[in-house]
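Participant: Dropping the structure in here first, questions after.
The values are calculated or read from the model by the stated rules, or taken from the named source; none is laboratory data. Please read all numbers here as calculations on a predicted model, not as lab measurements. FYI the Cβ positions are ideal-geometry reconstructions off the backbone, even for glycines, and counts take in every protein chain you see. Keep in mind that these areas ignore ligands, DNA and RNA; they rest on the heavy atoms of the full protein, side chains included. Shrake-Rupley method; radii C 1.70, N 1.55, O 1.52, S 1.80 Å.
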Amino acid sequence: MQRINSAAELDARRKELQSGKDPDRPAIAVCSGAGCAGLSNGRVIAAFEKELDAQGLAEKVELRATGCHGLCELGPNVVIYPEEIYYVHVKPEDVADIVKETIAGKKVVDRLVYTDPESGEKAVHLDEIPFYKYQNRNLIGNNTRINPSSIDDYIGIGGYAALSKALFEMKPEAVLDEVKKANLRGRGGGGFPAGLKWETTRNAPDKEKYVIVNGHEGEPGAFMDRAVFTGNPHLVLEGLIIGAYAIGAHQGFIYTRHDSKLLKKNIDLALEQARQCGLLGENILGSGFDFDVEVHYDVGIFVSGESSALMRSIEGRNPEPRPKYIRTSVSGIWDKPSNLNNVETWANVPQIIEKGAEWYTGTGTERSKGTKMISLSGNVVNSGVVEVPFGTTLRQIVFDIGGGIPGGKKLKALHFGGAMGGSIPESLIDTPLDFDALKKAGAPMGAGALMVMDEDTDMVEMARFFLTFLTNESCGKCVPCREGIRQLLKILADLCEGKGKKGDIETMEEIADVMSAASLCSLGKTATDPLRGTLKYFREEYEANIQ
């Protein structure tokens with residue numbers, strides 16, 4: 001793979017790739033996201049390879065195994081280009097008809113297109129399907145168009161243009177200012193302004209600084225970061241390099257899960273290709289800026305995704321949190337200034353630099369700008385990865401995009417934020433997707449895991465489920481978290497088994513207050529949020545269990 005030594009060479013490479021691409025050449029994009037991989041998409045890909053070869057079309061048709069398409073509920077799904085014909089629930093035995101009818105005959109295989117479960121209406125093209133047409137897919141939209149194993153595919157759609165602009169047309173301070181103007185808020189949970197965090201690390205007195213991608217994503221029901229990282233790893237890497245340039249870091253880390261072979265494969269390959277092309281390592285694009293990245297894997301516990309625990313893990317120590325008065329932006333890995341953002345936050349950076357803060361702030365609400373990726377799951381017709389502008393209501397996400405509640409049942413509650421999130425009732429479904437509005441309602445957005453619950457859901461049992469998860473995942477370092485969760489879980493178990501007694505609710509509230517005030521890290525401080533939310537809005541279910 002030829003090294004690119006300047007911005008001019010990068011631009012020339014992109015033009016060459018674009019000119020050599022026939023827009024009318026048929027292409028088959030088979031989803032290889034985690035959901036479709038679990039539905040034997042590999043057999044579908046193998047069937048396409050065999051059939052194209054048998055029909056003498058292997059050289060005339062591009063077959064690509066892509067990242068997640070988003071609509072996990074109907075996988076394995078396939079997009080046929082250039083028409084953007086969308087097929088769902090594709091099986092190996094359907095492949096011969098797709099090649100014969102659609103690729104060779106330019107006809108639609110009617111039985112494989114999306115069919116609305118209520119009206120029976122069919123949608124042939126991707127942008128006609130309700131799940132997609134109400135979204136704004138700035139980050140995940142290219143997943144169907146590129147092979148995540150090919151850096152040339154990414155360069156061909158404009159990849160690394162933002163990095164080139166940052167290195168040759170902007171000073172580090174200007175890059176930082178642009179991110180601050182865009183009001184990019186961290187997508188990993190708290191929604192803290194990314195530009196201010198970058199500035200803290202940049203201004204820290206130590207010359208050696210680090211930047212980190214938090215790709216741990218260990219929350220139940222969260223799978224949007226993996227959709228980006230497996231489907232378009234160079235987007236995240238480009239954002240990380242730009243951030244490192246703005247902050248003044250020359251070493252970066254990617255911290256991610258140990259149990260995803262596809263994720264590991266795509267990240268390792270992306271780093272190798274970027275180094276070969278001169279986009280990573282010494283003298284990037286001939287700019288004089290040096291930066292490289294190491295990949296570290298978690299040890300299989302949820303708390304290792306907490307910022308300070310994650311940094312201890314990178315150091316080779318037990319992933320135990322540190323007290324919050326120690327700011328990792330100033331004293332992180334090996335006590336050096338360390339800036340940590342999650343996958344989605346870094347993925348937003350290239351578009352901010354390429355298109356400008358003014359363009360970016362044109363989408364969203366007053367205090368929450370841009371789009372947000374949501375992993376939509378639970379009692380909903382269309383589960384999957386959703387990307388919508390901030391300000392979109394929860395009703396639009398659940399009903400217009402998600403297709404509503406299956407089986408004609410009623411919506412009861414929505415839970416945002418995974419195991420440390422909160423539940424809100426159906427009456428608040430018109431709450432906009434906004435960091436501050438959701439926090440005020442009692443369901444902080446967290447990383448963006450949205451679970452839908454129908455009328456049959458037992459909210460006390462839901463609180464028990466989340467606390468069971470957190471009991472197993474607490475590092476046990478501090479007493480308020482370790483013992484507090486256990487005691488709450490014991491009381492909840494009694495309630496669920498009909499052994500509750502008067503005073504149990506008040507005891508749980510008292511324990512929750514102590515935990516949030518005295519726990520060492522955010523796991524312990526917010527572990528009681530699912531309990532608090534259900535007590536606030538569904539207290540009668542707790543009281544009924546006692547009675």
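Participant: With respect to Ser522, determine if the residue is touching a residue at least 60 places away in the same chain (Cβ under 8 Å) and either among the aromatic types (Phe, Trp, Tyr) or open to solvent by 30 Å² or more (accessible area, probe 1.4 Å) (or both). Quick ask: steps written out before the conclusion?
Facilitator: Details: touching a residue at least 60 places away in the same chain (Cβ under 8 Å): yes; either among the aromatic types (Phe, Trp, Tyr) or open to solvent by 30 Å² or more (accessible area, probe 1.4 Å) (or both): yes.
Here the answer is yes, as Ser522 does meet what is asked.
Participant: Filtering the stretch 336-357 down to residues that are open to solvent by 30 Å² or more (accessible area, probe 1.4 Å) and in contact (Cβ under 8 Å) with a residue 60 or more places away in the chain, which residue is nearest to Glu219 (Cα to Cα)?
Facilitator: Lys336
Participant: Residues that are closer than 23 Å to Tyr132 by Cβ, at least 1 per element: which strands (runs of 3 or more DSSP E) completely within the stretch 328-392 meet that?
Facilitator: Values: elements: 338-342, 371-378, 384-389.
In the stretch 328-392, 371-378, 384-389 are the strands (runs of 3 or more DSSP E) which contain 1 or more residues that are closer than 23 Å to Tyr132 by Cβ.
Participant: Exactly one of these conditions fails for Ser287: (1) at pLDDT below 95; (2) within 23 Å of Lys209 (Cα to Cα); (3) touching a helix residue (DSSP H, G or I) at 6+ places or on another chain (Cβ under 6 Å). Give me its number.
Facilitator: Result: Ser287 passes all but (1).
Participant: Sticking with this structure for a sec: Keeping to the stretch 131-152, report how many residues are open to solvent by less than 30 Å² (accessible area, probe 1.4 Å) and over 23 Å from Leu262 (Cα atoms).
Facilitator: The number of residues fulfilling the criteria is 3.
Participant: Among the candidates Ala227, Ala244, Ala270, single out the residue that is crowded, with 22+ Cβ neighbours inside 10 Å, in contact with a Gly (Cβ under 8 Å, 6 or more places away or on another chain) and at pLDDT 95 or above.
Facilitator: Ala244
Participant: Tell me which of these Lys499 doesn't satisfy, since it passes every other one: (1) in a loop (DSSP other than H, G, I, E, B); (2) more than 30 Å from Ile401 (Cα to Cα); (3) touching a residue at least 24 places away in the same chain (Cβ under 8 Å).
Facilitator: Only one criterion in (1) in a loop (DSSP other than H, G, I, E, B); (2) more than 30 Å from Ile401 (Cα to Cα); (3) touching a residue at least 24 places away in the same chain (Cβ under 8 Å) is unmet by Lys499, namely (3).
Participant: Next up: Scan the stretch 207-222 and give yes if some residue there is open to solvent by 20 Å² or more (accessible area, probe 1.4 Å) and assigned to a strand (DSSP E or B), otherwise no.
Facilitator: Yes, the conditions are met somewhere in the stretch 207-222.
Participant: Report whether or not Ser377 is within 21 Å of the chain's Cα centre (by Cα), under 13 Å from Met453 (Cβ atoms) and either acidic (Asp, Glu) or surrounded by fewer than 24 Cβ atoms within 10 Å (Cβ to Cβ) (or both).
Facilitator: For Ser377, the condition - within 21 Å of the chain's Cα centre (by Cα), under 13 Å from Met453 (Cβ atoms) and either acidic (Asp, Glu) or surrounded by fewer than 24 Cβ atoms within 10 Å (Cβ to Cβ) (or both) - is met.
Participant: Determine whether the stretch 315-323 contains at least one residue that is at positive phi and either surrounded by 20 or more Cβ atoms within 10 Å (Cβ to Cβ) or assigned to a loop (DSSP other than H, G, I, E, B) (or both).
Facilitator: For the stretch 315-323, residues at positive phi and either surrounded by 20 or more Cβ atoms within 10 Å (Cβ to Cβ) or assigned to a loop (DSSP other than H, G, I, E, B) (or both): present.
Participant: Cβ-Cβ below 6 Å, separation at least six or inter-chain, first residue in the stretch 7-22 and surrounded by 12 or more Cβ atoms within 10 Å (Cβ to Cβ), second at pLDDT below 95 and among the polar types (S, T, N, Q): which pairs?
Facilitator: Listed by first residue and then by second, the contacts come to nothing, as the list is empty.
Participant: Still on this structure, please answer the following. Quick check: is even one residue across the stretch 153-171 at positive phi and surrounded by 20 or more Cβ atoms within 10 Å (Cβ to Cβ)?
Facilitator: yes
Participant: Here are some conditions: (1) at pLDDT below 95; (2) open to solvent by 60 Å² or more (accessible area, probe 1.4 Å). Arg43 meets all but one. Which one does it not meet?
Facilitator: All conditions are met except number (1).
Participant: Within the stretch 389-416, can you find the residues that are among the small types (Gly, Ala, Ser) and over 18 Å from Gly364 (Cβ atoms)?
Facilitator: Within the stretch 389-416, Gly402, Gly403, Gly404, Gly407, Gly408, Ala413 meet the criteria.
Participant: Of the residues Asp110, Asp116, Asp94, Asp127, which single one is under 16 Å from Ile45 (Cβ atoms) and either in contact with a Lys or Arg (Cβ under 9 Å, 6 or more places away or on another chain) or open to solvent by 40 Å² or more (accessible area, probe 1.4 Å) (or both)?
Facilitator: The unique qualifying residue is Asp94.
Participant: Oh, and also: Identify the single condition in (1) surrounded by 15 or more Cβ atoms within 10 Å (Cβ to Cβ); (2) outside any helix (DSSP H, G or I); (3) free of Cβ contacts under 8 Å to residues at least 40 places away in the same chain that Thr102 does not satisfy, given that it satisfies every other one.
Facilitator: (2)
Participant: Out of all the residues in the stretch 184-194, is one or more assigned to a strand (DSSP E or B), within 30 Å of Thr66 (Cα to Cα) and touching a strand residue (DSSP E or B) at 6+ places or on another chain (Cβ under 9 Å)?
Facilitator: Yes, the stretch 184-194 has at least one match.
Participant: Six or more apart or on different chains, Cβ atoms under 6 Å: show the pairs whose first residue is in the stretch 228-252 and β-branched (Val, Ile, Thr) and whose second is open to solvent by 10 Å² or more (accessible area, probe 1.4 Å).
Facilitator: Listed pairs, sorted by first residue: Thr230/Leu262; Ile247/Arg202; Ile247/Lys209.
Participant: Of the residues in the stretch 1-53, how many are in contact with a strand residue (DSSP E or B) (Cβ under 7 Å, 6 or more places away or on another chain), closer than 20 Å to Asn232 by Cβ and assigned to a helix (DSSP H, G or I)?
Facilitator: Qualifying residue count, the stretch 1-53: 2.
Participant: I would also like to ask the following. Just checking, how many residues over the stretch 502-531 are in a helix (DSSP H, G or I), within 26 Å of the chain's Cα centre (by Cα) and not polar (S, T, N, Q)?
Facilitator: So the answer is 6.
Participant: Enumerate the strands (runs of 3 or more DSSP E) found wholly within the stretch 400-472, keeping only those where 3 or more residues are farther than 22 Å from Ser516 by Cα and touching a residue at least 24 places away in the same chain (Cβ under 8 Å). Don't jump to the end; show me each part of the working.
Facilitator: Working: elements: 411-416, 422-425, 449-454.
Fully inside the stretch 400-472 and qualifying: 411-416, 449-454.
Participant: Need the failing condition index for Asp127 against (1) over 17 Å from the mean Cα position of the chain (by Cα); (2) outside any loop (DSSP other than H, G, I, E, B); (3) modelled with pLDDT of 95 or more, just the number.
Facilitator: (3)
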